[in-house]
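Down below is the structure, laid out as structure tokens.
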Amino acid sequence: MTLSFPAEAAPAILPHDVAEKAPFAMLDDILAAFHIPAGSAAAAQVSDTLSRCQAPPNVVAGEVIKSCTTSLKATVQSAIRMLGADHAGGVWAAASELPRAGLPR
């Protein structure tokens, strides 16, 4: 499984309850929800991310399944599904607390 994060900065991971309420389908709604000015560099990054997430998997590059997640919980759930272990007892995970500075790249 390949995870892709921007090289310039580690992405912020939203809490699951915030991510569930965010409008991640329409660019204008996303910009408004997060108070991002249209035409800014941040708006361009959001637009690029949204277009990549809405595009079909790139089969030529070996991408069979595609998942764009908005929270850590959704990322874990997506990984479990990709591993084919979304039934009880299929995957065991161990984790420590997240560092206050956020996740490393």
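Filtering segment 69-87 to residues that are open to solvent by 70 Å² or more (accessible area, probe 1.4 Å) and either in contact (Cβ under 8 Å) with a residue 60 or more places away in the chain or in a loop (DSSP other than H, G, I, E, B) (or both) leaves Leu83, Asp86, His87.
Tally the residues that are under 16 Å from the mean Cα position of the chain (by Cα) and open to solvent by 50 Å² or more (accessible area, probe 1.4 Å), restricting the search to segment 14-33.
Summing the residues that are under 16 Å from the mean Cα position of the chain (by Cα) and open to solvent by 50 Å² or more (accessible area, probe 1.4 Å) in segment 14-33 gives 10.
Here segment 35-57 is the region considered, the condition is being open to solvent by less than 80 Å² (accessible area, probe 1.4 Å) and not small (Gly, Ala, Ser), and the residue that is modelled with the lowest pLDDT is Pro57. Of everything listed in (1) of a type in the set (Val, Ile, Thr); (2) within 26 Å of Ala101 (Cβ to Cβ); (3) without any contact (Cβ under 8 Å) to a residue 12 or more places away in the chain, the single unmet condition for Val46 is (3).
The values are calculated or read from the model by the stated rules, or taken from the named source; none is laboratory data. This is a predicted model, so every value here is computed, not measured. Positions of Cβ are generated from backbone atoms using ideal geometry, with glycine treated the same way; all protein chains shown enter the neighbour counts. For accessibility, only protein heavy atoms count, side chains too; no ligands or nucleic acids. Shrake-Rupley method; radii C 1.70, N 1.55, O 1.52, S 1.80 Å.
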